[in-house]
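Asker: The structure is given below, and queries will be raised subsequently.
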Amino acid sequence: MGLRINDTIPDLTVETDQGTLSLHDWIGDSWAIIFSHPKDFTPVCTTEFGAVAQLAAEWEKRGTKVMGVSVDGVEEHTKWKKDIEAVGGAPANFPIVADDGLEISKAFDMLPAEAYMPDGRTPADSATVRSVFIIGPDKQLKLSMTYPMTVGRNFAEVLRALDGLQTSAREGVATPANWQVGQDVVVPVAVSDEDAIAKYGAIDTKLPYLRMAKLPK
């Protein structure tokens, strides 16, 4: 059975370029993003790591830690970070897990249980190790996305999804398609019109089951 939304993530102890870390201890009281890659020194992944590095201030603003995962070792990660900084123009100060034994890749259901990394492996051998996981302070999986090797991930969308998750958790609301911070949110069906108006000041009833409102400032 794969890791599903609201499952508690495994509390694995992992080796990273920043030392040995326990996933639950590393997350602590923060939100966290774990994003995986099939191999170091690959073109699309290098641009993605650069994009994550550029967003360091945005992750910090949202109380969110980020961690990369790759099936190569710590020494390769350390060398690769020089390329990432050159391409992204920002230091990659987050840890990268050396998942050469595929422990995280299998525990998070990114590879078949019988998978292994052959000698002289190529990115194709671990192609499915290309996912994003957003985890709450309760250590539960809140969102996951998986991409093919040929399509670079949009980390602006990851940031937008994180904003939606944090707003939902904080305010008890939902967010509509393409929502951005500051836009109207969806009032839960369980909340009466009277209670919604008392809380939000006004509601915009588009359908009996679709009511929008502005969050109080």
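Asker: With respect to ALA196, is the statement that it is out of contact with any Phe, Trp or Tyr (no Cβ under 7 Å at 6 or more places or on another chain), open to solvent by 40 Å² or more (accessible area, probe 1.4 Å), aliphatic (A, V, I, L, M) and modelled with pLDDT of 95 or more true? So that I can check it myself, show each step before the final result.
Answerer: Working: out of contact with any Phe, Trp or Tyr (no Cβ under 7 Å at 6 or more places or on another chain): yes; open to solvent by 40 Å² or more (accessible area, probe 1.4 Å): no; aliphatic (A, V, I, L, M): yes; modelled with pLDDT of 95 or more: yes.
No.
Asker: Among the candidates SER36, SER30, SER70, which residue alone is within 21 Å of LEU141 (Cα to Cα) and at pLDDT 95 or above?
Answerer: SER30
Asker: Taking the stretch 22-43 on its own, how many of its residues are farther than 25 Å from ASP163 by Cα and open to solvent by less than 40 Å² (accessible area, probe 1.4 Å)?
Answerer: Residues in the stretch 22-43 being farther than 25 Å from ASP163 by Cα and open to solvent by less than 40 Å² (accessible area, probe 1.4 Å): 4 in total.
Asker: If I ask for residues that are more than 26 Å from ASP109 (Cβ to Cβ) and in a helix (DSSP H, G or I), which ones from the stretch 44-65 would you list?
Answerer: Hits for the stretch 44-65 are GLY50, ALA53, GLN54, ALA56, ALA57, GLU58, GLU60, LYS61.
Asker: Additional query: Do any residues in the stretch 1-22 that are farther than 17 Å from GLY136 by Cβ have Cβ atoms under 6 Å from those of residues that are open to solvent by 30 Å² or more (accessible area, probe 1.4 Å) and among the aliphatic types (A, V, I, L, M), where the two are at least six apart or on different chains, and which pairs are they?
Answerer: VAL14/LEU21; ASP17/VAL74
Asker: Something else about it: Please enumerate the residues belonging to the stretch 148-193 that are part of a loop (DSSP other than H, G, I, E, B), surrounded by 11 or more Cβ atoms within 10 Å (Cβ to Cβ) and of a type in the set (Gly, Ala, Ser).
Answerer: GLY152, GLY172
Asker: Against the conditions (1) modelled with pLDDT under 95; (2) open to solvent by 40 Å² or more (accessible area, probe 1.4 Å), where does ALA56 fall short? Just the number, please.
Answerer: If we test ALA56 against (1) modelled with pLDDT under 95; (2) open to solvent by 40 Å² or more (accessible area, probe 1.4 Å), just (1) comes out false.
Asker: Taking GLY68, is it over 19 Å from GLN166 (Cα atoms), free of Cβ contacts under 8 Å to residues at least 60 places away in the same chain and either within 13 Å of the chain's Cα centre (by Cα) or outside any helix (DSSP H, G or I) (or both)? So that I can check it myself, show each step before the final result.
Answerer: Numbers: over 19 Å from GLN166 (Cα atoms): yes; free of Cβ contacts under 8 Å to residues at least 60 places away in the same chain: yes; either within 13 Å of the chain's Cα centre (by Cα) or outside any helix (DSSP H, G or I) (or both): yes.
Yes.
The values are calculated or read from the model by the stated rules, or taken from the named source; none is laboratory data. Small disclaimer: the values here were computed from a predicted structure and weren't measured. So basically every Cβ, Gly included, is an ideal-geometry build from the backbone, and we count neighbours across all protein chains shown. To get the accessible areas, we keep the full protein, side chains included, count just its heavy atoms, and leave off ligands, DNA and RNA. Shrake-Rupley method; radii C 1.70, N 1.55, O 1.52, S 1.80 Å.
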